[in-house]
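The values are calculated or read from the model by the stated rules, or taken from the named source; none is laboratory data. Quantities reported herein were computed from a predicted structural model and do not represent experimental measurements. Here the Cβ is made from the backbone with ideal geometry for all residues, glycine too, and neighbour counts use every protein chain on show.
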Amino acid sequence: MSGLDLQFMVDILPDMLLAAWITLELSVLTILLSIALGVVLASWKILGGRLAGALIQAFVEFTRGVPQLVQISIIYFALPRVGIFLDEFWTGVTALTFVGAGYAIEIIRGAVESLDKGQRENALALGLSERQTLILVLYPQVVRRALPPLTNELANVIKASALLSVISVNELTKVANDLIFEYFVVIEVLIELTVLYILIIGSLLWLSSILERRARA
């Protein structure tokens, strides 16, 4: 730590912590909404017909194939054109939710298809509908299989929150850049930025490991 301006790091810590809190809010909302949207669309893809499957697959290919910065820009400029006016924070949440849902759909679908097909046939033979079979029989088992890859992809989505600085969301990266341009101090700001991102992503991975152990139990 020799040569670092420790007093400067202490002085900027409140601003960085506030930005970290905003990033954490973004992350939590994005994770919850991505999983919810992913489950709904994955269910529709599994239970729906060819048209539904094709539409959802097109959505998946778009979210996975188009750079995240481009998707954020499309959401930011397109929503007002159709009469939807959101502030920068909720625009960012919406964009990241679509990105996260695109990955969640394929992870959930793959986890369902990896299960023994005999379970579905037995459930249908007992009188359950396709929807009841999916929700009551298959999805409880999917949690254990889908959680690790889902966590990894959502962690990447959280990292992508740094791109929201381009639409002026006061998350960690934007505040860090503002501090660098204001004070012309780089290393100290980047150290705090790195540590705070590690804490946020590490917390997600730690929580995921707890949920995974409970699911196995």
Practice problem: Among the residues of region 62-89, write down those that are in contact (Cβ under 8 Å) with a residue 12 or more places away in the chain and of a type in the set (D, E). | Solution: E88
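Just to verify a result, which residue in region 111-134, among those that are assigned to a helix (DSSP H, G or I) and of a type in the set (D, E, K, R), is surrounded by the most Cβ atoms within 10 Å (Cβ to Cβ)?
So the residue we want is R120.
So which of I31, I72, I22, I12 ends up being in contact with a Gly (Cβ under 9 Å, 6 or more places away or on another chain), of a type outside the set (K, R), surrounded by 14 or more Cβ atoms within 10 Å (Cβ to Cβ) and over 19 Å from I107 (Cα atoms)?
Just a single option satisfies the conditions, and that option is I72.
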Quiz item: So which residues in region 158-217 are surrounded by 13 or more Cβ atoms within 10 Å (Cβ to Cβ), of a type in the set (V, I, T), under 23 Å from the mean Cα position of the chain (by Cα) and more than 16 Å from L18 (Cα to Cα), if there are any at all?
Solution: I158, V166, I167, I201
Quiz item: Can you name the residue in region 73-97 that is of a type outside the set (G, A, S) and outside any helix (DSSP H, G or I) and, of all such residues, is farthest from I31 (Cα to Cα)?
Solution: V82
Quiz prompt | Condition check for V70: more than 15 Å from S161 (Cα to Cα), assigned to a helix (DSSP H, G or I) and among the β-branched types (V, I, T) | solution = no
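Only one of these is within 26 Å of G202 (Cβ to Cβ), of a type in the set (A, V, I, L, M, F, W, C), modelled with pLDDT under 90 and surrounded by fewer than 20 Cβ atoms within 10 Å (Cβ to Cβ): V137, V143. Name it.
V143 is the lone residue from the list that is within 26 Å of G202 (Cβ to Cβ), of a type in the set (A, V, I, L, M, F, W, C), modelled with pLDDT under 90 and surrounded by fewer than 20 Cβ atoms within 10 Å (Cβ to Cβ).
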Quiz prompt | Matching entry among G127, G92, G102 (being without any contact (Cβ under 8 Å) to a residue 12 or more places away in the chain and either more than 18 Å from the chain's Cα centre (by Cα) or over 16 Å from L204 (Cα atoms) (or both)) | solution = G127
Practice problem: Could you grab the pairs with beta carbons closer than 6 Å, sequence gap of 6+ or different chains, first residue in region 162-180 and part of a loop (DSSP other than H, G, I, E, B), second one among the polar types (S, T, N, Q) and crowded, with 19+ Cβ neighbours inside 10 Å? | Solution: E171/T23; E171/S161
Quiz item: For region 1-16, does any single residue satisfy the condition of being more than 26 Å from the chain's Cα centre (by Cα), under 26 Å from I201 (Cα atoms), without any contact (Cβ under 8 Å) to a residue 40 or more places away in the chain and outside any helix (DSSP H, G or I)?
Solution: yes
Quiz item: Residues of region 26-85 being under 20 Å from K159 (Cβ atoms) and among the hydroxyl-bearing types (S, T, Y), which ones?
Solution: S27, T30, S34, T63, S73, Y76
Exercise. Could you tell me whether region 38-47 includes any residue that is surrounded by 14 or more Cβ atoms within 10 Å (Cβ to Cβ), out of contact with any Cys (no Cβ under 9 Å at 6 or more places or on another chain), modelled with pLDDT of 90 or more and within 27 Å of L199 (Cβ to Cβ)?
Key: yes
